[in-house]
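Below is one structure, written out as structure tokens; comments come after it.
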Amino acid sequence: MAMHENSPGLRPLGLLAPEPGGAPWPSGSLETAIETPPDSVRKEVVHYLDACPIFLAWMEYTRDVIGDRFGVGGGSAIVSDGVYYWRFDATAYIEEYGISVPDRAIEHMRSRRWRPPEFSREQYLEIYRQLVALLGPIDPTGPSNIN
């Protein structure tokens, strides 16, 4: 199942997801979320996030907004595990800078033994509809709140 029965709906993965209503990045600065999680946890989180499907795809090539150290093809695309959603380029920020992931999300991933869910066609389409309703049209090249 995509989401737990009494779930409040899809949740953003901390600062690694766009705000509902169209902002490409949340109002908080990514720089404020730099931490150094243990390498073993960071690797598991990156593997989990990278293995989840893209739901809202954009072809945009995104550049690192912190230190211009990397670029990601399709970086502004939206990925989800049916509980959380995030930008496709989120794992690059986690790997490069140690951007934090909420503890609650890490516990969720750990409870799944670091294995992302697989979705039926119907489940995938339901998550897609929820993301479109939640985020609406996003201009991935719009102004960023990162300075």
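The values are calculated or read from the model by the stated rules, or taken from the named source; none is laboratory data. Note that the coordinates shown come from a computational prediction; the quantities given were computed from them, not determined experimentally. Cβ atoms come from the backbone with ideal geometry, glycine included; neighbour counts cover every protein chain shown.
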- Query: Which members of segment 80-101 meet the condition of being assigned to a helix (DSSP H, G or I) and within 20 Å of residue 59 (Cα to Cα)?
  - Reply: 90, 91, 92, 93
- Among the residues of segment 60-69, is there at least one that is in contact with a Leu (Cβ under 7 Å, 6 or more places away or on another chain) and modelled with pLDDT under 95? yes
- Any idea which of (1) among the acidic types (Asp, Glu); (2) in a loop (DSSP other than H, G, I, E, B); (3) at pLDDT 90 or above is the one residue 19 doesn't satisfy? (3)
- Message: Among the listed residues 31, 44, identify the single one that is closer than 25 Å to residue 127 by Cβ and either modelled with pLDDT under 95 or not in a loop (DSSP other than H, G, I, E, B) (or both).
- Response: 44
- By residue number, the members of segment 102-143 that are modelled with pLDDT under 90, within 16 Å of residue 78 (Cβ to Cβ) and part of a loop (DSSP other than H, G, I, E, B) are 136, 137, 138, 139, 140, 141, 142
